[in-house]
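Have a look at the structure below before the remarks.
The values are calculated or read from the model by the stated rules, or taken from the named source; none is laboratory data. Remember, it's a predicted structure, so these values are computed and weren't measured experimentally. We place every Cβ from the backbone using ideal geometry, glycine too, and count neighbours over all the protein chains shown. The area values use the complete protein model at the heavy-atom level, side chains included, leaving out ligands, DNA and RNA. Shrake-Rupley method; radii C 1.70, N 1.55, O 1.52, S 1.80 Å.
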Amino acid sequence: MRYLRSGPRRHTQEMGASRAKMVGLRSGEIADRNIRVILEAIRRHGPLTRMELGRHCGLTGPGITNILRRLAEEKLVTSNRRNGLGGGATATEFALRPEGAFSIGVKLRQRRGEAVLIDLSGQVHDRVYIELDPADKVGLVHAAVRDMVDRHAALPIIGLGIAANDWTDDQSDQIASMSTIARPYVENECTASLLAERTIGSSGREGGLAMIIIDDDVQAGFLIRGIPYSGVHGRAGSIGEMLTGPDNVQLNTVVGFESLRSRIGDRDFTRLLKGEEISSPSLSQWIREAAGHLLDPIIAMAGFLAPSVVMIGSDLPQGVIEALIHQLSIERRDTSTRPLLTPWISPMKPASFSGGGVALGAALLPFLNTLLLPPASA
């Protein structure tokens, strides 16, 4: 139950053909998927009675009863009596038991990281920040994860997720050989952020979603029909390399953290990363310049993808992100640098979670690969 298969198998065709074909689900895989469907419905819409689950999932009564029994045995759901309206008959309703499973997620940059422990509902129970040395990144990640596991030894921690743009299979193998937790699930940062928004965030499920992450570099991710889009070789969203603004400079050099640090100084930059709100002319100037250059890729996204919302996430305080979005709204109406007004640009708002939800999305990966519906299925 803890490590369910995650969808239809694909077999490569014989005679060297590169194309893959879909293979039907085995009975065990169908059962696995139905369990995920029930658990996802309870997580999203619960508490639910058996009849309500039938309407949400389209499964038969006996099938639902068997799945609920199994989920109860795994301590993933709990049941209570729901009183009928007007003194009518009561019914048993089933709710998610968040403490039934926990997961650890790690967000990694070059020299800093973040690790979180979440329950099945996405609630954060522990958070630590990690100072990284590129020469011993695996060892430092393992130590942080091991310490978190030791602090919560009584909890059913089912897996580890890592969000990083430069993590390798060899590093995953090293972590697995050093740890009592299974081999980590790995995604890039923007995909992890999108998974957090899609699974437990505030963004609606209709239409597309674009996420911009501002960190050492600037990157974007796209959620299309509920599925993260990565492009060829995972290159979709590499907006930091775009030449932007009236001065035609690379976006990373204007909006990335190094430009912010050089403008406001190391002391104020460190305070910002600790979540402190500061006010300074230098920070205001960076916000103006960042908005002027960030608008170009946002216009491109709106023109080609037309997402329902563009979200901006970062380790910067919420106030800074809100100020940046406000400045973007000013820039889009300024015809002195761009000849056309752009009222058709998608609405912009901050990401639902601190840090863009990258570490949170990483922590969701074990759930999405073992218990909940993966993005392609939900």
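Listing for the model above:
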item: Computed lengthening from Ser230 to Tyr129, 0.36 nm per intervening residue step minus Cα-Cα distance; result: 33.6 nm
item: Heavy-atom accessible area ranking, 1.4 Å probe, most first, across His152, His125; result: His125, His152
item: Efficiency of FRET from Cβ geometry, Ser179 and Ala72, R₀ 35 Å, rounded to 0.05; result: 0.70
item: Relative counts (whole %) of C-alpha pair distances in segment 151-273, using bins that are 5 Å wide; result: 2, 9, 14, 15, 16, 17, 14, 8, 3, 1, 0, 0
item: In order through segment 30-44: 3J(HN,Hα) via Karplus (6.51 cos²θ - 1.76 cosθ + 1.60), integer Hz, x for Gly, Pro; result: 5, 4, 4, 5, 5, 4, 4, 4, 5, 5, 5, 5, 5, 5, 7
item: Cα-based Kirkwood hydrodynamic radius, segment 124-190, one decimal, Å; result: 12.7 Å
item: Alpha-carbon gyration tensor eigenvalues x 5, square-rooted, for segment 66-134, Å; result: 41, 13, 7
item: Per-residue SASA entry for Lys75, accessible area with 1.4 Å probe, Å² rounded to 10; result: 120 Å²
item: Tail weight of P(r) past 22 Å, computed on alpha-carbon pairs of segment 209-329, percent; result: 32 percent
item: For segment 54-172, Kirkwood radius (reciprocal of mean inverse C-alpha pair distance, Å); result: 17.2 Å
item: Estimated inter-spin distance, Ser279 and Asp334, nm [label 7 Å along Cα→Cβ]; result: 2.2 nm
